[in-house]
Amino acid sequence: MRLYRLTTATLFQWKSWVISLFAVGVLPFLLPQISSATENATLLKPAIAQTTWAMALLSAIFWGFFTAAKLGENNARSGVGEYFLTTGVSATRQLMEMWLSLLTFLAPLPLLATAVCILAASPALPAEKSMWVTTNLQYGLLFLLAMAPLSALAMSVASRFGSITGFITSAAVAVYGLYGVGYLKLLANLESNALLKWVWAGSPHYHFADPTERLRYKLGAIDWDKFPLLLAYFGGILLVHAAISRLVFRVRATA
């Protein structure tokens, strides 16, 4: 795990992770103060919850994917990847160790978001509070399952085509899965286009990992008989991204 330790030390020295922690742990308390939420006390807690998960998503996309892409490019172009290859560390293991190192800094984001929502934005009624805790814990896990594979994809694409391409690729897939599929479904229904419906069905539905709407309207936790299906769905996407990432990833730059 030498590459894991090296990557972890590098990420810690970059200190860019501090911005993400600030965005998720502090901004949810500051941003509602400059909005209309302060005019109605009942809106403050929902505003904090909504802002918290929005900051977590933005941090995962802009910090997580960009950092992953930078790691992938540096590993290939600096000669580090080729050095570890000569010492017996395969390309697959290099990708895995760098990805695990990134997860060391990425995983705290949903954990922090869950903690902020539970400690600072829980409803007053005991029954609603219990459901609120369950909902946030469920979405904390779904968030990580959705974002983690995309960070591996950014890392792999960047190792071959550069960090900007790696970042844009994963960010575009994430934004499309979070918001684009909704517009695609609306367009497909309006035009009754079978091809668009097939594209929608085969698209990554990352909006299932976004708790904003469920928390805003207090829709409650995901039914436990449906939650394993979501885990299996995102687990399947993880396997697909893992296979693609390994095929694309390289440890040395082309001449």
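Odds and ends about this structure:
- Isotropic mean projected area of the C-alpha convex hull, region 183-235 (nm²): 4.6 nm²
- Its residues counted as N, region 54-96 yields a C-alpha radius of gyration over 2.2 N^0.38 Å of 1.45.
- Note that region 22-33 has calculated 3J(HN,Hα) couplings of 5, 4, 7, x, 10, 4, x, 8, 8, 4, x, 6 Hz, one per residue in order, obtained from phi through the Karplus relation 6.51 cos²θ - 1.76 cosθ + 1.60 (θ = phi - 60°); glycine and proline are x.
- Computed as a quarter of the hull surface, the mean projected area of the alpha carbon convex hull for the chain stands at 16.0 nm².
- For region 54-164, taking the reciprocal of the average inverse distance between every pair of different Cα atoms yields a Kirkwood hydrodynamic radius of 15.4 Å.
- Solvent-accessible area of the chain (1.4 angstrom probe, protein heavy atoms only): carbon and sulfur portion equals 69 percent.
- Whole-number accessible area per residue in Å² for the chain, which is evaluated in the context of all protein chains at 1.4 Å: 50 Å²
- Quick note on region 118-255: its Rg to Rh ratio, both from C-alpha atoms and Rh being the Kirkwood radius, is 1.06.
- Overall Cα dimensions of region 8-95, principal axis frame, Å, largest first: 63, 22, 16
- Between region 180-251 and region 69-121, the alpha-carbon centres lie 24 Å apart.
The values are calculated or read from the model by the stated rules, or taken from the named source; none is laboratory data. Source: prediction; values computed, not measured. The accessibility values were calculated without ligands, DNA or RNA, using every heavy atom of the protein model including side chains. Shrake-Rupley method; radii C 1.70, N 1.55, O 1.52, S 1.80 Å.
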